[in-house]
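Only the coordinates and a few stated rules stand behind these numbers; no lab work does. Note that this is a predicted model, so its numbers are computed, not measured. Methodologically, a virtual Cβ is constructed for each residue, glycine included, from the backbone with ideal geometry; neighbour enumeration extends over all protein chains shown.
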Amino acid sequence: MMHLISDSGPAEMPGFRLTGLQSWITRPAEVENGFARIKPCLLIRLTAADGTIGWGEAYVLPCREAAVARIIHELGRELAALACPDPWHLRDLATRLSLRHHSMDFAAATSALDIALWDLIGRLVAKPLVELLGRPNCRDAAVYANIWSESNWSAAALAARAKHLVAAGYRAIKIHPMLNHDASQAVEAVRRVRGVIGADHRLMVDMDSETDPGISRAVAKGILPAAPHWFEEPADGADIAALAELRGEVGIPLVTGERQSGVAHFRSVLALRAADILNPDIAGVGGLLDMLEISVLADRHGVRISPHCWNSMTVAASAMMHVCAAIPNAEMAEIYPEYLEHGERYAVNGFTVQNSVATLNGRPGLGVEINEAALSALSMQHDSSDLSAARAAS
């Protein structure tokens, strides 16, 4: 018998049988302020035999959305055939079926199913996810606002956007100065943003896996007077040796992990002391069990966790807030302000954000509610799988 995680000791896992799986891929959408384009997002719903549902979400990149959805439906049929279709058995199933060749897309598929299972279990036992993870009295998680400036925005425009977010209550801001600038322009952008947000607010700099370590060194040196809170992915996250070398040189806390999945990679990062903060994507790392294991390993090394979440800001973000409220070494959770408003068109989140703090609503599971009609109207693909026969066929 598998068990839930609890401060007061293990509780028996409720028995259930999966009978249905649906997936939605939302259409991209433009944002009026131009600082983001809402990418397609992949949400799923699992249904148990008694009608209880659970929502999940997969991290997806362009041109891969339909492929990840297909993996989810194939895995869903295998999962439904298990006697105990819970997160622990899903993890074992995914390890076996992948032949230990995990990719981000496969890990995103298992993440979606895992998140949905936790939501479903929470609804079955009428407890919020954070309580199932052993922290029944925790409701808050620190957050930061991400400015994804994919258009050719000037340093002045970035500074104006940062000033607006600070006025809206965010006390930590992240920018991507190398997306549309050279190194000297990136340094100037960081300085301008620091100038408008003031010294009391955290400023994070994301180098987006810069391919030239010389550029990362130059930017790091130039922005030191701006006192950045962290320096994210100054090299490809897969190049652990390069990250370790840069960490020893730049003098700014280094962040990595959003492009990788599975516990083994993060164990290697920690062994080589290549990061001060890890940011695996909550919907791409492989599942919440992997995220929790990574958190435990990181804590032993004095490393903190700041989950990446370039997702819909609904289902995956709700899962992220529960995890951050539950783990002792949470740094900050990622918020895309533009995505929050778009998500409100079809979802009531499991959390609210005020003054850089996300507060969980205390509802069972993730606490998120989805208007399926509204979601379908915003989607370009909607698929269903009948899982009711999977157990019998096995």
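Between D299 and V348, the simple label model (points 7 Å from Cα in the Cβ direction) yields a spacing of 3.3 nm.
Taking the Cα centre of segment 1-123 as reference, the dipole from Cβ charges on Lys and Arg (+1) and Asp and Glu (-1) amounts to some 360 debye.
Out of G251, L120, I370, whose Cα points farthest toward the positive end of the dipole of the chain (charges: +1 Lys, Arg; -1 Asp, Glu; placed on Cβ)? It is G251. The 3J(HN,Hα) values that the Karplus relation (6.51, -1.76, 1.60; θ = phi - 60°) gives for segment 272-278 are, in residue order, 8, 6, 8, 7, 9, 9, 9 Hz. Gly and Pro appear as x.
Gain on full extension, evaluated as 0.36 nm per residue between A167 and A242 minus their Cα-Cα distance, stands at 23.2 nm. Label separation (I215 vs W88): 4.7 nm, computed from points 7 Å beyond Cα along the C-beta direction. Look at the dipole of the chain built from charges on Cβ: of H382, S216, W24, the Cα furthest out on the positive end belongs to S216. Less than 5 angstrom separates the built amide H of A330 from those of I305, all sequence-distant by 5 or more or on a different chain. Of S318, S98, S261, the residue with the greatest mean-square motion in the GNM of the chain, using alpha carbon springs below 10 Å, is S98.
I305 sits among other residues whose Cβ lies under 10 Å from its own Cβ, and their net charge, with Lys and Arg +1 and Asp and Glu -1, is -1.
Modelled label positions at N180 and A373, each set 7 Å beyond Cα in the direction of Cβ, lie 3.9 nm from each other. By the helix-only formula, in which each DSSP H run with n ≥ 4 contributes -39500 (n - 2.57) and the sum is divided by residues, the chain has a 222 nm mean residue ellipticity of -12000 deg cm²/dmol.
Dipole magnitude for segment 132-370: about 700 debye, using +1 per Lys or Arg Cβ and -1 per Asp or Glu Cβ, origin at the Cα centre. In straight-distance terms, cross-link reach from K127 covers every one of the lysines whose alpha-carbon lies under 19 Å from its own, apart from those fewer than eight places away in the same chain; here that gives an empty set.
The residue list N349, P136, P228 was ranked by how far each Cα lies along the charge dipole of the chain toward its positive end, using unit charges on Cβ atoms, and P136 comes out on top.
Considering only beta bridges that DSSP places wholly inside segment 132-370, some 30 percent are antiparallel. If R₀ is 41 angstrom, what is the calculated FRET efficiency for the pair R267 and E74, using the beta carbon separation as r and rounding to 0.05? It comes out at approximately 0.90. Scalar couplings 3J(HN,Hα) for segment 375-380, obtained by applying the Karplus form with A = 6.51, B = -1.76, C = 1.60 to θ = phi - 60°, are 4, 4, 5, 9, 9, 9 Hz; x denotes Gly and Pro.
Taking the fewest neighbouring Cβ atoms within 10 Å as the starting point, the ordered list for T26, T359 is T359, T26.
Compactness ratio of the chain: Cα Rg over 2.2 N^0.38 Å, N = residue count? Spell out each step's value before the answer.
Working: Rg = 20.4 Å, N = 394, 2.2 N^0.38 = 21.3 Å.
For the chain, the normalised Cα radius of gyration is 0.96.
Would you mind classifying segment 136-271 by shape? Square roots of the alpha carbon gyration tensor eigenvalues, ordered a ≥ b ≥ c; an a/c under 1.5 is rounded, otherwise it is prolate if a/b is larger than b/c and oblate if not. Walk me through the intermediate numbers first.
Details: a/c = 1.87, a/b = 1.18, b/c = 1.59.
Judged from the Cα gyration tensor, segment 136-271 comes out oblate (a/c at least 1.5, b/c at or above a/b).
For K221, the lysines whose Cα falls under 22 Å of its own Cα, not counting residues fewer than eight places away in the same chain, are K174.
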